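Working notes for the structure below.
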Amino acid sequence: MKAILEQINPFHRSCKDETALLLLLTISMLCFEYFGWQGPYHRLFQDSNFYRFSSMNMRYFHAQIWTTCSFYFLMVFIPALIYRFSFSERIWLLAKPDFKVLPLYGILYAVMLPVLIFVARDPQFYKFYPLYRPENSLDWLKFELIYLPQFFAVEFFFRGPLLAFFNRLKPGFGPLMMVLPYALIHIHKPFPEAIGSIFAGLVLAHLALKGKSIWPGVVLHMMIAVSMDFLGLWNSGFFN
C-alpha cells in the first residue's frame with residue numbers, strides 16, 4: 001500500500017521535478033491570463049491619471065510594453081530561476097543550433113507566408129493586427145522594437161528547457177505537453193490563428209528538439225509576426 005501511495009503522490013521526491021514543472025505551467029498560465037496581456041493592463045490602469053490622459057493609441061502602445069515585460073517576468077525570469085536552482089538535470093536549448101535544420105525553418109516560413117497573405121485579406125485579421133495603430137513608419141518601428149522581443153520569452157517558455165525535460169522523460173511527449181498551453185494563449189486571437197497555433201507549436205517543438213536550440217524558432221516567430229503586422233497594415237490602407 002505504501003508503494004502505491006508513493007506512486008500516485010505528486011509530491012513524492014521521485015517525481016518532484018515533474019510536479020514542479022506542472023505547477024509552474026499551471027500558475028504561469030493563470031498569471032498570463034489575469035495579469036500578463038494587454039487586456040489586464042487596461043483593466044488595472046484605467047482609473048489612473050496616466051491612463052486617462054493618454055490617447056487611445058498610446059494606451060495600446062503602453063499595453064504592449066506591459067505585455068512584453070510581463071512575458072519576460074513570467075516566461076523567462078521565474079521559470080529560469082526555478083529551473084536553475086530546483087532541478088537536478090538542466091537542458092536549456094539555448095546553444096548554437098544544428099545548422100542542418102535551418103533550411104527546414106526556411107521551408108516552414110515559405111509555406112506559411114502564402115497562407116498569411118490569404119488570411120490577411122479578412123477584415124477580422126487586419127483590424128486585429130498590428131495590436132497598435134501607428135501613425136507613420138517610425139511609430140511602427142518603435143512598436144515592433146518592443147513587440148518582437150516577447151517572442152524570445154514565448155519560445156523559451158514553450159520550446160525551451162520545459163520541452164526538453166518533458167521529452168527526456170518520455171520521447172515524443174514533450175511537444176504534446178507544450179502544445180496544449182501554447183494553443184490556449186491564442187484564445188484571444190483570430191480563430192484561424194488559434195487553430196494554426198496547434199500545428200505550428202508541434203512543428204516548432206519538433207524542430208527545437210531536433211536542432212537542440214530555440215534560436216531559429218525565435219527568428220522564425222519574429223519574421224511571422226512582422227509579416228502579419230505588415231500585411232495587416234497593407235490591407236488596412238496604411239501604405240496608401
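The values are calculated or read from the model by the stated rules, or taken from the named source; none is laboratory data. A quick note: this is a predicted structure, and the numbers were derived from the prediction, not measured. Note that we place each Cβ from the backbone using ideal geometry, even for glycine, and neighbour counts take in every protein chain shown.
Remarks
- In segment 129-181, the residues that are more than 16 Å from Phe199 (Cα to Cα), under 17 Å from the mean Cα position of the chain (by Cα) and small (Gly, Ala, Ser): Ala153, Gly160, Ala164
- Evaluation of Ala63 against (1) more than 27 Å from Gln38 (Cα to Cα); (2) in a helix (DSSP H, G or I) (one fails), failing number: (1)
- Residues that are at pLDDT 90 or above and farther than 20 Å from Asn235 by Cβ number at least 1 in the following helices (runs of 4 or more DSSP H) confined to segment 86-165: 102-119, 137-147, 150-159.
- Selected residue [loosely packed, with under 15 Cβ neighbours inside 10 Å and touching a residue at least 60 places away in the same chain (Cβ under 8 Å)] from Leu231, Leu184: Leu184
- Residue check: Lys96 meets all listed conditions (1) under 15 Å from Leu209 (Cβ atoms); (2) in contact with a strand residue (DSSP E or B) (Cβ under 8 Å, 6 or more places away or on another chain); (3) surrounded by fewer than 14 Cβ atoms within 10 Å (Cβ to Cβ) but one, namely (1).
- Residue within segment 170-178 that is assigned to a helix (DSSP H, G or I) and touching a residue at least 40 places away in the same chain (Cβ under 8 Å) present: no
- Here the condition is being closer than 19 Å to Trp92 by Cβ, among the β-branched types (Val, Ile, Thr) and surrounded by fewer than 22 Cβ atoms within 10 Å (Cβ to Cβ); of Val203, Val219, it holds for Val219 alone.
- If you go through segment 23-66 and keep only what is among the aliphatic types (A, V, I, L, M) and in contact (Cβ under 8 Å) with a residue 12 or more places away in the chain, you end up with Leu24, Leu25, Met29, Ala63, Ile65.
- Residues in segment 42-65 that are over 21 Å from Trp140 (Cβ atoms) and not aromatic (Phe, Trp, Tyr): His42, Arg43, Leu44, Gln46, Asp47, Ser48, Asn49, Arg52.
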